[in-house]
1. Please report the net charge: other residues with Cβ closer than 13 Å to the Cβ of D27, K and R +1, D and E -1.
2. Near the amide H of T446, under 5 Å away, which other amide H atoms are found, from residues 5 or more places off or on another chain, if H is placed in the peptide plane?
3. Could you name the aspartates and glutamates whose alpha carbon sits less than 16 Å from that of K295, not counting residues in the same chain fewer than 8 places away?
4. What is the distance in Å between the Cα centroid of region 145-208 and that of region 405-453?
5. Between the helical axis of 266-278 and the dominant principal axis of the chain, each derived from Cα atoms, what acute angle in degrees is found, rounded to the nearest 10?
6. Quick one: angle between helix 298-311 and the longest Cα principal axis of the chain, in degrees between 0 and 90, rounded to 10, please.
7. Would you list which lysines come within 28 Å of K32, measuring only between C-alpha atoms, while excluding same-chain residues fewer than 8 positions from it?
8. Cα centroid distance between region 21-69 and region 283-345, in Å?
Amino acid sequence: MKAIKILLSAVMALAGVAAYAQQDFSDPRYAKWGETPEERKDNIMISSFLKEEVDNRNFNSAAAHLQHLLAKCPAASENIYVHGVKLYKQKINRAESMAEKKMFVDSLLYLYDVRLLHFENHPKRGKVYLLERKAREFLTYNQGDREGVRAAFEDAIEAQVTATGVADPELVAIYFKNLCDDYASDVVDAMTIVNAYDANAKYFENIAAEQQEFKTQFEQCFALSGAASCDNIEAIFSKKLADNPDDEKTLSQAFGLLSRANCESDFFFVVGEKYYAVKPSSEIAMYLAQAFQNKKNFDKANQYLRESLAVETDAVEREKLYARIGILEMTTNHYAEAVSSFREALNINPDNALAPFFLAQCYVNGASGCSGLSRDAVYWVAYDLLQKAIPLLEASPETAVHVDTAKKLASAYRAAFPTKEECFFNELNDGNTYVVNCGFARGIATTVRPRIQ
């Protein structure tokens, strides 16, 4: 089959020779192929032979043709470089030593330099196209040269920005990923990452939906690099926000990075409160509330949760806010307010897992001022709430951390049920209905169950 292919190529080459013999190479349109008509004819034929030899995998012969064309007529045709790239990629794959492979890689990259020299202003495949292709080839075949990789991508990005005002998000994401890898290997310092992030983040604004993944990669690389420390993030955004303190995009970007880095510095709170003022949302409020709670600033935490609740219309978000407010009120021993919030959460979603778990504890705490059966009957209500809460808590990894506590409390509450004697003296039988008349559980009907002794 190979012999047949070679024979066909030879036949086609002979046909080509005959065709060339009839052409007038003194025509100015052939001037790029050489100084004289004879030289032009020879170079055009050699260009044809280059393609044939590459297609037939006669790479040594093809290399000789390529070198001839580069020396004699490098600006004659883009196809010289297209076939040359194919040639050297094959040679790289077949290299028998690292030294030989490096030589072929250098030759491949050199092809892009020569092509750029002669075709920089091509309307479709000029400087922007060639530098991007070279950067990708550099990363593929010469990734050990970390400085070279960075330089190749920086040149490509600069060319895109110069030509269009923006850079390709995918190209920037690849560049930044490699830069973060270099930081992890101690090749570059943290400020190099910070400065690169600062310089390139703008290229992810207003991008198409199908390019959002590159923005996510870019942000995650920065967040996970270790260079995104609280001090470094502040260094980037403090000046930006000083110049434009109400810019929503900058605030969003800064708040997101500070949040992922678990920063709770003064700068974080300044950014967070400003961002919430510009764009109030329950998500931001809950994050700020937790941060303020961690700082023991419970008034601020409560303020943000309740402000968000006042404007939130989505039922799911309101449910979360009520539960969060209830927990915060419990933390500050405001049990009446906590009970009200947990009940509101249950009104929205009877299957809320946290509300019955914490509401049971509020009821027990609220019965501390009661005595006798009035106090002990509250444990019936609290126990039932925990029995409802436990399977709901178990259903989610986020709430499952409370399951052991809920089971221990349920056991303790069951042990605190009124005794048989207490029920007898109050004329209550097992299974009777009883309405609680004391504490936060006042008015709730429950079932009489004497303590098992």
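1. +3
2. Y434, V435, V436
3. Leaving aside aspartates and glutamates fewer than 8 places away in the same chain, those within reach of K295 are E264, D266, E273, E329.
4. So the separation of the two Cα centres works out to 67 Å.
5. Compared with the principal axis, the helix lies near 90 degrees.
6. 80 degrees
7. Answer for K32, where 28 Å is the Cα cut-off: K41, K51, K72, K86, K89, K124, K127, K134, listed by chain and number.
8. Centre-to-centre (Cα) distance: 78 Å.
Read-outs: derived from the displayed coordinates by stated rules, not from any lab. Since we're looking at a predicted model, the values are computed, not measured. Here the Cβ is made from the backbone with ideal geometry for all residues, glycine too, and neighbour counts use every protein chain on show.
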